[in-house]
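Here's the structure we're looking at; comments come further down.
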Amino acid sequence: MSAQDEFTPPKVWTWEKESGGRFANINRPIAGPTHDKDLPVGKHPIQLYSLATPNGVKVTVMLEELLATGHSGAEYDAWLIKIGDGDQFGSGFVDANPNSKIPAMVDHSGDKPVRVFESGSILLYLADKFGAFLPEDHAGRTEAINWLFWQMGSAPYLGGGFGHFYAYAPYKMEYPINRFTMEVKRQLDVLDRRLAESEYLGGDEYTIADMAVWPWYGALVKGLIYEAGEFIQGASYKNVVRWTDQIGARPAVKRGRMVNRVMGDPASQLHERHDASDFETKTQDKIGDQAAD
C-alpha cells in the first residue's frame, strides 16, 4: 500500500481544503444559498428546474409521457440548472429544494404553488396528480412503488459510489472501486432476474418505476455513463438490455432525454424546453437507440 492510499481519520473532522476530483468546487459541508438569484417562471403550470443527469431525465421522461397520453395539464417549462456553476445554490433554487439537488419542480396550478423535490417524489406526485403510470389496484401500485423506492435506495451506490470512484475521484483506488463494482453488479443481477419474469419492473404495465430505473441502469448497461460498459459487462444482463432497448424506443422517452441536456451530440440537446414545438428544430433520429445517461 502506498502512502497515498493511507489515511488516518482525525478525531474531529474539519473542512480545511477541497476534496479534489471533478466536483470539488461545489462540494461543501453546509446547506443553504451561496448567492441571491430568483428562479424564472414561464407560462405553464409546471415549472421544472433541472439538468439531464439520470435523476433529471426521470422527470422529463414522465412529463413527456403524460403529454403523449393526452394530459395537457402536464405542459411544462424546463429551465436549465448548471450544477457545475453552482446554480443549485441560488436562493430561489434553495427555496424550491433546500437540499440543493436537481431536479426541483414547482406546480403553480393550484391556489398556492407547491414545491416538489427528490426525483422519486416528483414522479409519485405527477402519477397521483394525473392518475397515470401507476396501477390503480393496491397490489400493483405497491409493486411499482417497491421498485421506485429500490431505485432511490440503490442509485447512490451506483452514482456516488461506483461512479465517483471509477470516474471522478482524483486517483484510482482499488478497494472502493472493487467494493462498489461488486454492489452495482449485484443490483444489475436483481434487475435482470426481475425482468426475466416480467416485461416491466412493476409487472405488465409501464410505470414510474421503469422511468426511475431506466436513466441509471439502462445507461450503465449501454456504456453511456462513466465509460464503464465493458468494465461492467452490460451485455451479460440480457433481460436488462431487452428492457432498456424497449423503453428507449418510446418517442416520449427520446424527447425527455433531450430536455436540459448539455452533453453529447448537439442534435440530442434541448437546453430549455418551453413548448412542444421546441423539439421540431432537433434531429431525433440520431438518438433513437440510446439509453439516457
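The values are calculated or read from the model by the stated rules, or taken from the named source; none is laboratory data. Not measured: the values here are computed from a predicted model. Every residue, glycine among them, receives a Cβ derived from its backbone with ideal geometry; neighbour counts consider all protein chains shown.
Observations, loosely collected:
- Taking each residue of the range 108-132 that is outside any helix (DSSP H, G or I) and at pLDDT 95 or above and looking for partners that are of a type in the set (Asp, Glu) and crowded, with 19+ Cβ neighbours inside 10 Å with beta-carbon atoms closer than 7 Å, six or more apart or interchain, yields Pro113/Asp107; Val114/Asp107; Val116/Asp107.
- Which listed residue, of Ala132, Ala139, is closer than 30 Å to His71 by Cα and in contact with a helix residue (DSSP H, G or I) (Cβ under 8 Å, 6 or more places away or on another chain): Ala132
Okay, residues lined up against (1) in contact (Cβ under 8 Å) with a residue 40 or more places away in the chain; (2) closer than 17 Å to Gln233 by Cβ; (3) in contact with a Phe, Trp or Tyr (Cβ under 7 Å, 6 or more places away or on another chain):
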residue	(1), (2), (3)
Ile177	no, yes, yes
Thr181	yes, yes, yes
Leu201	yes, no, yes
Glu205	yes, no, no
Ala209	yes, no, yes
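- From the list Leu67, Leu39, the one residue that fits, being in contact with a helix residue (DSSP H, G or I) (Cβ under 6 Å, 6 or more places away or on another chain), hydrophobic (A, V, I, L, M, F, W, C) and more than 17 Å from Tyr125 (Cβ to Cβ), is Leu39.
- Across the range 13-33, a minimum of one residue is classified as loosely packed, with under 12 Cβ neighbours inside 10 Å and of a type in the set (A, V, I, L, M).
- Any hit, the range 134-155, residues being hydroxyl-bearing (Ser, Thr, Tyr), part of a helix (DSSP H, G or I), without any contact (Cβ under 8 Å) to a residue 40 or more places away in the chain and closer than 23 Å to Asp245 by Cβ: yes
- Restricting attention to the range 173-226, the residues being assigned to a loop (DSSP other than H, G, I, E, B) and within 24 Å of Ala249 (Cβ to Cβ) number 15.
- Meets criteria (within 16 Å of the chain's Cα centre (by Cα), of a type in the set (S, T, N, Q) and either at positive phi or buried (at least 18 other Cβ atoms within 10 Å of the Cβ) (or both)) for Ser268: no
- Positions within the range 98-112 being more than 10 Å from Gln88 (Cα to Cα) and crowded, with 23+ Cβ neighbours inside 10 Å, in sequence order: Met105
- Residues that are among the polar types (S, T, N, Q) and more than 19 Å from the chain's Cα centre (by Cα) were ranked within the range 147-186; the one that is farthest from Ser198 (Cα to Cα) is Asn178.
- Residue in the range 249-263 that is over 16 Å from Lys58 (Cα atoms) and loosely packed, with under 13 Cβ neighbours inside 10 Å present: yes
- Residues that are of a type in the set (A, V, I, L, M, F, W, C) and within 14 Å of Val57 (Cα to Cα), drawn from the range 118-130: Ile122, Leu123
- In the set (1) modelled with pLDDT of 95 or more; (2) of a type in the set (A, V, I, L, M, F, W, C); (3) closer than 29 Å to Ala132 by Cα; (4) surrounded by 15 or more Cβ atoms within 10 Å (Cβ to Cβ), the condition left unmet by Ile287 is number (1).
- So Leu124, is it closer than 18 Å to Glu65 by Cα, out of contact with any helix residue (DSSP H, G or I) (no Cβ under 6 Å at 6 or more places or on another chain) and aliphatic (A, V, I, L, M): yes
- Taken residue by residue, the range 240-257 has no member that is modelled with pLDDT under 95 and in a loop (DSSP other than H, G, I, E, B).
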